[in-house]
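Below is one structure, written out as structure tokens; comments come after it.
Readers should treat all values here as calculations from the given coordinates under stated rules, not as data from a laboratory. None of the values given here were measured: they were computed from a predicted structure. Using ideal geometry, Cβ is built from the backbone for each residue, glycine included, and neighbour counts are taken over all protein chains shown.
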Amino acid sequence: MKITSSLLALIMVDPICEYTATDLLQLIQKKEISSFEILQLCIKQYEKVNSSLNAVVETNFEDAVNCSHDIDRISNKKRNKMPFLPLPVGVKDLNDVKGLKTTFGSLLFQDNLASSDDDVVAQLRKASAIIFGKTNVPEHGFGATTTNPLQGSTGNPFDRNLSAGASTGGGASAVASGIVPLATGSDFAGSLRTPAAFCGIAGMRPSNGIVGTNRRSNIWSPFDVEGPLAKTAADCKLLLGAMAKSCSVDPFSKPVDTELLRPAKKINLKNLNVAFSCDLGFAVMSNFYKRTFLGKIEKFTGLFASCEPGCIDLSNAYTTFMTLRSIGFLGDFGPMEKDFGAELGEVILRELELARKLSSENIAKAFLAHSQIVRNGDEFFNHVDLLITPASSVPPFKHENKYPSEIDGKHYDGYLDWEAISWGITLTQCPAVVISCGKDEDGMPFGIQIIAKQYKDAFLLDAAHSIETAFLGIEDLKRPRPNLEKLAAIEATTLN
């Protein structure tokens, strides 16, 4: 890699992986560094640590280099158009990128070469984003950890033997380790939020329709949304602004909120009334994480006008979510079962079996219960500005554990039971962002989930940014950094 004077100056100050996307964008706008130079530094970081983590499973370097050169030739007038995000972005291996494989982490699709970009990736390119490569997912995008039979497991940058979460674990690991400053993902039951929490970064599930898309096979599904992963909430806002779009065949699609196109701003937290809950009144929560969360709350409750216990009524959440989720599985994978049978994998086949046992009455009740949950959420946020919960029920676990099947001595059969703190919020349709809140007692990242009223996405990200900024002054709450030198040393040992 050619080292220019501007690049050398930047490296001497701090490793590139420590810079946020907001920092890098400002440097580009000041012409202190080019998009090409940032891409080259990201490639070097990929070469240093990716074999240790298995976060990026396919690269797009030739195209990315060409794009970066094109971007660096863009006139100042075009640079001032919003959104403009000329930074490397990792794309989840569920999204099509022209010329790259979309494998879904499945042997069945190992040669599935995309002939065009899907609408989410195309929107990123409009904002001058540089597609770095594809990030790892669990098989078919379903599972409690990012492991699949085609690409293997993605490691957590804080301990590569532990899970990076799922299903956007590859993206979270890539961002936390500095391979890319930004990554896209999707969220159904917590697929952006849990990986963010496990890897000590930020991840957001936007309100339905913020990122209008034709990707969902069932366009009426209220659960699957596209969203951002980044080091901070401010960076999430940058990426969400670049992803946001309307879509004529997405019934949830909304016109782009211009507030999402503006950089994150600090708001006065003393004007906010906040509720907090350890378990949303129904979710599984380990004693360890409940104790950790309450300890963290004690340290920052004074930031707000008020911070009191409270939560949305989610008393019917479990049956409602599992029923509606099963219907989705049947629609997505039922037809595929005729062609692939057992090759679909244990998780998919079990879900299909459960779905076929549902009665029409079960389904009708679930639709009505879901409607009431959405109303409950809307009413709740008429009285408070934010709801804060733990982002996960347990700390990162070992890859070989398919999911946390035992918590505090109680066994759980469902592989999603432990993630109810996330999918409970999915049911409400409210936007939720996870930010880092320091470490737990074992030195692993600990995240909190912050929720706001539906379609208050820009406000939520500004509030989360303000909270993160306040955390910088509280030692136990600052965003932790993984030991990247250790990861690089492991990489070097592996290569030798």
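Does region 405-484 come out rounded, prolate or oblate, given a ≥ b ≥ c as the square roots of the eigenvalues of its C-alpha gyration tensor, rounded meaning a/c under 1.5 and, failing that, prolate meaning a/b above b/c? Oblate is the answer for region 405-484, as a/c is 1.5 or above yet b/c matches or exceeds a/b.
Dipole magnitude of region 242-310 about its Cα centre, charges +1 at Lys/Arg Cβ and -1 at Asp/Glu Cβ only, in debye to the nearest 20? Walk me through the intermediate numbers first.
On the way: 10 positive and 6 negative charges, 63 e Å.
The calculated dipole for region 242-310 is roughly 300 debye.
When the charge dipole of region 85-126 is built from unit charges on Cβ atoms (+1 for Lys and Arg, -1 for Asp and Glu) and taken about the Cα centre, the candidate among 95, 114, 124 whose Cα reaches farthest toward its positive end is 124.
Once the chain from residue 313 to residue 271 is taken as fully extended at 0.36 nm per residue, the excess over their C-alpha distance is 12.7 nm. Rounded if a/c is under 1.5, else prolate if a/b is larger than b/c, else oblate: which is region 24-111, with a ≥ b ≥ c the root eigenvalues of its Cα gyration tensor? It is prolate, given that a/c is not under 1.5 and a/b is the larger ratio.
For the chain, the antiparallel share of DSSP beta bridges with both residues in that region comes to about 70%. From the alpha carbon centroid of region 277-328 to that of region 93-129 is 35 Å.
Stretched out straight at 0.36 nm per residue, the stretch from residue 77 to residue 98 would grow longer than its current Cα-Cα span by 4.7 nm.
Taking GluC sites (Glu not before Pro) as candidate sites, keep only those in a DSSP loop with at most 15 other Cβ atoms within 10 Å, then name the longest stretch of the chain containing none of them. Display every interim value, and only then the final one.
Working: sites that count: 32, 400, 441.
The longest uninterrupted stretch comes out as 33-399.
Contact order for region 246-337, expressed relative to its length and based on alpha carbon pairs under 8 Å spaced 6+ residues apart, stands at 30 percent. Which label belongs to the value computed from this structure, given these candidates for Cα extents along the principal axes in Å: (1) 98, 54, 49; (2) 88, 57, 49; (3) 66, 58, 47? Given (1) 98, 54, 49; (2) 88, 57, 49; (3) 66, 58, 47, the structure-derived one carries the label (3). Rounded to the nearest 500, the helix-only mean residue ellipticity at 222 nm of the chain stands at -12000 deg cm²/dmol, with each DSSP H run of n ≥ 4 adding -39,500 (n - 2.57).
This model, with +1 at the C-beta of Lys and Arg and -1 at the C-beta of Asp and Glu, gives the chain a dipole about its Cα centre of some 1300 debye. Across the options 151, 286, 305, the greatest Cα extent toward the positive end of the charge dipole of the chain (unit charges at beta carbon of Lys, Arg, Asp, Glu) belongs to 305. When only Cα pairs below 8 angstrom with a gap of at least 6 residues are kept, region 32-183 shows a relative contact order of 29 percent.
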